[in-house]
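Working notes, structure below.
All of the numbers you see were taken from the coordinates with simple rules; none came from a lab. This structure is a prediction, so every number in the text was calculated from the model and none was measured. Note that we place each Cβ from the backbone using ideal geometry, even for glycine, and neighbour counts take in every protein chain shown.
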Amino acid sequence: MTTQAYIEEYSSLAMEEMMRSGVPASITLAQGILESRSGNSRLAKEANNHFGIKCKGNWNGKTIYADDDRPQECFRAYPSVFDSYADHSDFLRENQRYSILFELSKSDYKNWAKGLKFAGYATNPKYANILISLIERYNLDKFDMGSISQISENGQKNLPKRNNHYKNIIYSSEKSLEDLAVKNGLTLRKLYRINDLPLGSYVKDGAILYLEPKGRKATKKYQYVNDIESMHEISQWHGIRLRNLYKLNRMNYGTQPAKGQRLFLKKRRSKKNQVLFASPKETEIIEAKKNIEQNQGEEEKTIYQNATQTISTSNNLKLENVDSATQKNRQIIHVVKKGETLYGIAINYQVTVENIQEWNQLKNFDLKMGQELKILK
């Protein structure tokens, strides 16, 4: 397969994953081209693994062994290329060290590429430059402007997929919700109810819609809250009922977690481990964002734009300026407060979780209130 043929074959899938997960299609395609040698690598041919993802974490699927940084390392094997693309999105979305990337615009492929290298996706020091070169050589950034209608034109017809074992689609407004409900043996009221949406609310293009009731728990154990996400977004992402998500985390229905909080998805969190709630400004953004999606209100759009501009100005991370080799080290002692996580602390100091673990010789993510952490800036 040539690189151009690879792009034509998988661009629709990359755009669909962008709609679902927020990972730019240009980045997905560039990584697929590089990691799979345009679909011609042994991992791609024998295991449908297009992104070189290894058997780390809680991987319970099939495996294949190949030489990489070390001889005969374990890599994930997938039933189809679709599963490889979906797992790539999930791998980035659910791994806290990549969470900083989701604060970037989907059109900012340069900083996405630099952020992947900075977060440790690959050991090649030129990894970011290679991705950027591929994107610009093949004009892959045009797919970052993709829409559901483009995906349909390219042959992906919103076929039902499964998440957490439950059937769902990426919604396109080209089809009415009434037709979608009837086609899948549902009433319109039930379609809204199983997706935890108020009856009659607006559903945007690219939204995840379930065609059967979601589960009481997810397949993943945890989810770190990236950017400013609502509990509804997280429940749709993992295929878990919204009320159950609140119950597992001992939260009152309608409240929102602060950025960086770890949410439990399979078992109930302990009473001692309470969730920190979003600030009034973050809550305002979440509510405005929800109202935009459900009502398309102009007033909510103005509130959302003003609030997000304030947040982004105060939390500007600018990955292009990160150069640890040129920064002067300055030691700071951070005293852990109740409810703080490694992820939240890392974001505050603009370092990685791995940095903090290395500086303090931490073997896991657990922190104790009053614990002192050394931060080098």
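Tabulated results
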{"read-out": "Sites residue 222 and residue 4, calculated FRET efficiency, Cβ-Cβ separation with R0 35 Å, nearest 0.05", "value": "0.30"}
{"read-out": "Given 110/220; 110/142; 54/259; 56/220; 161/214; 259/337, the pairs whose alpha carbons are separated by over 19 Å", "value": "110/220; 54/259"}
{"read-out": "Anisotropy class of segment 93-142 from Cα gyration tensor, a/c 1.5 cut", "value": "oblate"}
{"read-out": "Neighbour-limited loop hits for GluC sites (Glu not before Pro), segment 173-264 (at most 15 other Cβ within 10 Å; DSSP other than H, G, I, E, B)", "value": "174"}
{"read-out": "Shape call, segment 158-210: gyration tensor on alpha carbons, a/c limit 1.5", "value": "rounded"}
{"read-out": "Given 114/363; 114/267; 266/363; 114/247; 62/190, the pairs whose alpha carbons are separated by over 30 Å", "value": "114/267; 114/247; 62/190"}
{"read-out": "For residue 63, residues with placed amide H under 5 Å, excluding near neighbours", "value": "77"}
{"read-out": "Efficiency of FRET from Cβ geometry, residue 199 and residue 40, R₀ 35 Å, rounded to 0.05", "value": "0.10"}
{"read-out": "Assigned charges on the beta-carbon of Lys, Arg, Asp, Glu; segment 3-148 dipole about Cα centre (debye)", "value": "320 debye"}
